[in-house]
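Asker: Let me give you the structure first, and then I'll get to my questions.
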Amino acid sequence: MRRKLILFGVAAGVLTGLAVLLRPYNRPHLLLITLDTTRADRLGCYGYPQAHTPVLDALAAAGVLCEHAYTVAPLTLPAHSSLFTGLYPVENGIRTNGHGRLDDAIPTLAEVLRRRGYDTSAFVGSFVLNGKFGLDRGYNTYDDDFASDYPTNDALHVERTGGSVVDAALEWLKAPRSRPFFCWVHLFDPHSPYLPHTDLFGDEFAERPYDAEIAYVDQQIGRILEYLKARGLESQTLVVVVGDHGEGLGEHFEQAHGMTLYNATLHVPLIFRYPAQLAPGGRLAANVSMVDVSPTILDLLGATDPRKISGKSLKPALLGGSKPLSFCYGATDEAFLMNGWSPLRSLTEGHWKYIRTARPELYDLEADPREERDLAEASPDKLRDMESRLSDFESRLVTRAEVQVRISDAERRTLASLGYISGSARPAVGPTPQNLPDVKDMLPLGLDMAEAEKLIRRGSVDAGIEKLREVVRQAPSHTAANWSLAWTLWEHSKQDEGLEVFRTLLAVRPESQNAHFGLGLMLLQLDRFDDAITEFSKALEIDPDDAEVQYHLGRALLSTNHLEDALTHLDAAVELNPKYAAAYHWRAKLLARFGRVDAANADYRKALKFAPADHPEPNSEHK
């Protein structure tokens, strides 16, 4: 009898479990769409008359639009990390792109929902959000593989089109399931370079390709929403659309994003649609932050948020109740990491905006939404009050260091091609040096640099060099200007002057990995191998995961007959970049000297495979 009771109990438990799994889901689905590099003021629902965004406009009309939503950082990975953790960048450790992995100890929105029985998936449009940076935790499916979209030798690509991302997401959504879904779709298209999409819109956006990219993204969103409607899932799905950051488009001398904290890059679209709870046509006028989005999602889904976070749920405000505290914090260190200029922090409270930099700025957003009239000198009392509030807020943040992540040389080039930092020191935790140049004084020099490079391309080399010298005189730590000047001098038979440019830069910024590397390359070409080894070694101290530096250090060591050390660094180069043809070629030469003929031939063939035009067949004596 006891055995029968035990068996009956086990059977009952199994049947109960199956019933839970097989019963119709009674919890809402979640569709989260993140729009990369999308300014709020370029959507029709935010008042832009030239917009072609009927899908997003209709979505806003059917739900609640947040008029003043702000990102925490004008960069993709930090913004998304804060979106999914409810923590500011200094709290979760992700301060820039490509230099850190989200700590496994920090719970994400996807982890919370998966523990509650959600089938979770993500479909991302850029390597910047590759799973290696830590946002893949909590997803049953994390689609960050671009190889099938762009079958080239390099498995990493600048971007994946919105159409491809949505195709993959729809394929996943069509699968039968007995659980509610959480589907995150990341659309990268508005990031530069911008395409006019003449195949879709003719010449409508010939002069406004950025707007064309947003119009294209709007169409892709429409495909997903039409699918939900056709399957009868519209009323059962919470749809959230949010931008990760905006784009400068030349305002305040910033064409792209990351260097400043003006609203061109901080003000983002944020729309919630959930017919079961949210009345159509709502508009929330209060300031809201990126860190508030995930706790709001959990609250609307009826899920308890177990995390200890800085963000607060906006649900009461979305339902027409009490408004949240109008306090938003922003930060960027890109100017410091790239050029040694002052980092920036911002506080938006009510209609006041304060930016802490070398020369602090103050704006009245109600009277001056485009931040064109700095009131710092006219309103010193308000300036001090906002700095006090910002300092008090920051004193309560628990700072976390990044978790280091290794990226390959190909991945490094991918990030660089997107305009993100490459070859700079990792973000530091702690106070930054005082009396640094102010980014608003430095950015206008970018126009002079562009003009100088245009002169050089047209053959007016001396005029271009002089213009670059003037940029460097005004901005001695401007990495890109120094690099351009040094190599222009080198290529026009002024080698000593080129070397001196890098030495002068290192006197100002000894932590500049780019300067050590550039100087090392020049010394290597002059056969000054010992000096080159010194510079490459310093560059590796700053960033040991740079395959190019590992390769050139190996070459220099080989030239001084330090064969074992040379092999160590050539090994590191191909480990970091498994498709580094030149590194295979030189390692093959070295292995042949060691008498390791089979290994040498294998490397020769890899060099031939990855760069067939640059490398001959292996010599017969090595076969």
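The values are calculated or read from the model by the stated rules, or taken from the named source; none is laboratory data. Keep in mind it's a predicted model, so treat the numbers as computed, not measured. Here Cβ is always computed from backbone atoms with ideal geometry, including for glycine, and neighbour counts include all displayed protein chains. The area values use the complete protein model at the heavy-atom level, side chains included, leaving out ligands, DNA and RNA. Shrake-Rupley method; radii C 1.70, N 1.55, O 1.52, S 1.80 Å.
Asker: What angle, in degrees between 0 and 90 and rounded to the nearest 10, separates the Cα long axis of helix 547-559 from the longest principal axis of the Cα atoms of the chain?
Answerer: On a 0 to 90 degree scale, this one is about 20.
Asker: Translational diffusion coefficient, Stokes-Einstein: compute it for region 482-598 using the Kirkwood radius over C-alpha pairs as Rh, at 10 °C and 1.306 mPa s, and state it as an integer in µm² s⁻¹.
Answerer: 109 µm²/s
Asker: Here is a further query. May I ask for the equivalent-ellipsoid semi-axes of region 234-332, computed as the square root of five times each C-alpha gyration tensor eigenvalue and listed largest first in whole Å?
Answerer: 27, 15, 12
Asker: Along the charge dipole of the chain, Cβ charges K/R +1 and D/E -1, which of L506, L563, P437 sits furthest on the positive end?
Answerer: Farthest towards the positive pole: L563.
Asker: Over the chain, what is the mean sequence separation of C-alpha contacts under 8 Å (at least six apart), divided by residue count, expressed as relative contact order in percent? All intermediate terms of the calculation are to be shown ahead of the outcome.
Answerer: Numbers: 1182 pairs, mean separation 88.7, N = 623.
Across the chain, relative contact order equals 14 percent.
Asker: Along the Cα→Cβ direction, 7 angstrom out, place labels at Q50 and T560. What is the inter-label distance in nm?
Answerer: 5.8 nm
Asker: For the chain, what is the mean residue ellipticity at 222 nm derived from helices alone (per DSSP H run of n ≥ 4: -39500 (n - 2.57); sum divided by total residues; nearest 500 deg cm²/dmol)?
Answerer: Per the formula, -13500 deg cm²/dmol.
Asker: In debye, nearest 20, what is the charge dipole magnitude of region 441-560 about its Cα centre with +1 on Lys and Arg Cβ and -1 on Asp and Glu Cβ, if you could check?
Answerer: Using Cβ point charges on Lys, Arg, Asp and Glu, region 441-560 gives about 280 debye.
Asker: Kindly give the semi-axes, whole Å and largest first, of the ellipsoid equivalent to the chain, taking each as the square root of 5 times a Cα gyration tensor eigenvalue. Don't skip to the answer; put the middle values down first.
Answerer: Details: eigenvalues 395, 231, 107 Å².
That gives 44, 34, 23 Å for the three semi-axes.
Asker: At 0.36 nm per residue, and after removing the present C-alpha to C-alpha distance, how many nm does the segment from A285 to D571 gain when stretched out fully?
Answerer: 97.3 nm
Asker: A further question follows. How far is helix 563-576 tilted, in degrees, relative to the longest principal axis of the Cα atoms in the chain, given as a value from 0 to 90 rounded to the nearest 10?
Answerer: 30 degrees
Asker: Next question. What ratio of Cα Rg to 2.2 N^0.38 Å holds for region 119-263?
Answerer: Here the Cα radius of gyration is 1.14 times the empirical estimate.
Asker: At 0.36 nm per residue, minus the direct Cα-Cα distance, what do T141 and Q434 gain on full extension? Give it in nm, one decimal, please.
Answerer: Numbers: separation 293, 0.36 × 293 = 105.48 nm, distance 4.56 nm.
Computed gain between T141 and Q434 is 100.9 nm.
Asker: Run the simple label-point estimate for T534 and T504 please: 7 Å along Cα→C-beta, distance reported in nm.
Answerer: 2.1 nm
Asker: Hey, can you grab everything whose amide H is under 5 Å from the amide H of Y70? Only 5+ residues off in sequence or another chain; H modelled, so Pro and N-termini drop out.
Answerer: V268, V288, S289, M290
Asker: Given the Cα-Cα distance of V597 and K132 and 0.36 nm per residue of separation, how much length would full extension add, in nm?
Answerer: The span from V597 to K132 would gain 163.8 nm if fully extended.
Asker: Once phi is turned into θ = phi - 60°, what whole-Hz ³J(HN,Hα) does the Karplus curve with 6.51, -1.76 and 1.60 give for every residue of region 601-606, x standing for Gly and Pro?
Answerer: 4, 4, 5, 4, 5, 5
Asker: At K323 and K382, where each label point lies 7 Å from the Cα along Cα→Cβ, what is the point-to-point distance in nanometres?
Answerer: 1.7 nm
Asker: Using the Karplus equation 6.51 cos²θ - 1.76 cosθ + 1.60 (θ = phi - 60°), what ³J(HN,Hα) coupling, rounded to whole Hz, does each residue of region 261-269 give in order, writing x for Gly and Pro?
Answerer: Computed from phi, the couplings for region 261-269 are 10, 7, 5, 4, 10, 9, 7, 10, x Hz.
Asker: Let me ask another. Out of L455, T85, L238, whose Cα points farthest toward the positive end of the dipole of the chain (charges: +1 Lys, Arg; -1 Asp, Glu; placed on Cβ)?
Answerer: Toward the positive end, the furthest listed residue is L238.
Asker: Using the Karplus curve 6.51 cos²θ - 1.76 cosθ + 1.60 with θ = phi - 60°, work out ³J(HN,Hα) for each residue of region 187-204 in order, rounded to whole Hz, and write x for Gly and Pro.
Answerer: 10, 9, 4, x, 5, 5, x, 8, 10, x, 6, 4, 5, 9, 10, x, 9, 4
Asker: Size of the dipole of the chain about the Cα centre, Lys and Arg at +1 and Asp and Glu at -1 on the beta carbon, nothing else charged, in debye to 20? Walk me through the numbers before you get to the answer.
Answerer: Values: 66 positive and 85 negative charges, 626 e Å.
For the chain, the charge dipole is close to 3000 debye.
Asker: If N is the number of residues in region 46-190, what value comes out of its Cα radius of gyration divided by 2.2 N^0.38 Å?
Answerer: Taking the Cα Rg and dividing by 2.2 N^0.38 Å, one obtains 1.12.
Asker: Which of the residue pairs K353/K382; K467/K538; K315/K353; K174/K229 have a Cα-Cα distance greater than 21 Å in the structure shown?
Answerer: K467/K538; K315/K353
Asker: Mind putting a number on the dipole of region 488-623 about its Cα centre? Charges go on the C-beta only, +1 for Lys and Arg and -1 for Asp and Glu, and I need it in Debye to the nearest 20.
Answerer: About 500 debye.
Asker: Let me ask something else about it. With a probe of 1.4 Å, find how much accessible area region 63-202 has per residue, and write the answer as a whole number in Å².
Answerer: Each residue of region 63-202 exposes 29 Å² on average to a 1.4 Å probe.
Asker: Follow-up question, since we're still on this one. Principal axes first, then extents: for the Cα atoms of region 234-278, list largest minus smallest coordinate on each axis, whole Å, largest first.
Answerer: 44, 13, 12
Asker: Sorted by average packing, counted as other Cβ atoms within 10 angstrom per residue and highest first, what order do 569-581, 68-80, 368-380 take?
Answerer: 68-80, 569-581, 368-380
Asker: Let me ask something additional. Collect residues whose amide H, placed 1.01 Å from N in the peptide plane, falls under 5 Å from the amide H of A122; neighbours closer than 5 in sequence don't count.
Answerer: Here T141, Y142, D143, W184 satisfy the definition.
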